[in-house]
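**Student:** Following this message is one structure expressed as structure tokens.
The values are calculated or read from the model by the stated rules, or taken from the named source; none is laboratory data. Just so it is clear, the model here is predicted, and its values are computed rather than measured. Methodologically, a virtual Cβ is constructed for each residue, glycine included, from the backbone with ideal geometry; neighbour enumeration extends over all protein chains shown. To get the accessible areas, we keep the full protein, side chains included, count just its heavy atoms, and leave off ligands, DNA and RNA. Shrake-Rupley method; radii C 1.70, N 1.55, O 1.52, S 1.80 Å.
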Amino acid sequence: MMEQYNQTATLYLVPTPIGNMEDMTFRAIRILQEVSYIFAEDTRVTKRLLSHFHITYQNLNSYHVHNEADQVNHIIHLLQAGND
């Protein structure tokens, strides 16, 4: 039997600039300010980006080729629970 969830969630894929912070879009900044969880390939670089735009975060997680299998299941669980 398939579980039914009442909450809807969105998975956002947010492109980030390579080297020039001025290439960041207003929409990308807004999304990063609003979501509950952020997954990034390199959290060190992402922390600098978030700091540059004064974005506070609580849940910054690593997602890369070495932990992809584990993180995919975690992300699905978070989405099913209604987290963006």
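**Student:** Can you give me the long-range amide H partners of F39? Hydrogens built in the peptide plane at 1.01 Å from N, cutoff under 5 Å, separation of 5 or more residues or another chain.
**Tutor:** The answer is N61.
**Student:** Sticking with this structure for a sec: Using a 1.4 Å probe over the heavy atoms of the protein chains, calculate the carbon and sulfur portion of the accessible area of the chain as a whole percent.
**Tutor:** Percent of accessible area from carbon and sulfur atoms in the chain: 50.
**Student:** Quick one: Karplus J couplings for region 72-84, per residue in order, coefficients 6.51, -1.76, 1.60, θ = phi - 60°, nearest Hz, x for Gly and Pro?
**Tutor:** For region 72-84, the Karplus curve yields 4, 4, 5, 5, 4, 4, 4, 5, 5, 7, x, 8, 8 Hz.
**Student:** Once phi is turned into θ = phi - 60°, what whole-Hz ³J(HN,Hα) does the Karplus curve with 6.51, -1.76 and 1.60 give for every residue of region 21-28, x standing for Gly and Pro?
**Tutor:** My calculation for region 21-28 gives 4, 5, 7, 6, 8, 4, 5, 4 Hz in order.
**Student:** Then there is this: Can you tell me which of N73, N20, N59 moves the most in a GNM of the chain? Springs connect C-alpha atoms under 10 Å apart.
**Tutor:** N20
**Student:** Could you work out how far apart the two model spin labels at S62 and D84 are, taking each label as a point 7 Å from the Cα in the direction of the beta carbon, and quote it in nm?
**Tutor:** It is 2.8 nm.
**Student:** Shape verdict for region 37-84, please, from the Cα gyration tensor: rounded (a/c under 1.5), prolate (a/b greater than b/c) or oblate.
**Tutor:** It is oblate, given that a/c is not under 1.5 and a/b is not larger than b/c.
**Student:** What residue among E22, E68, E34 has the largest mean-square fluctuation in a Gaussian network model of the chain, using Cα springs under 10 Å?
**Tutor:** Checking each option, the largest mean-square fluctuation is seen for E22.
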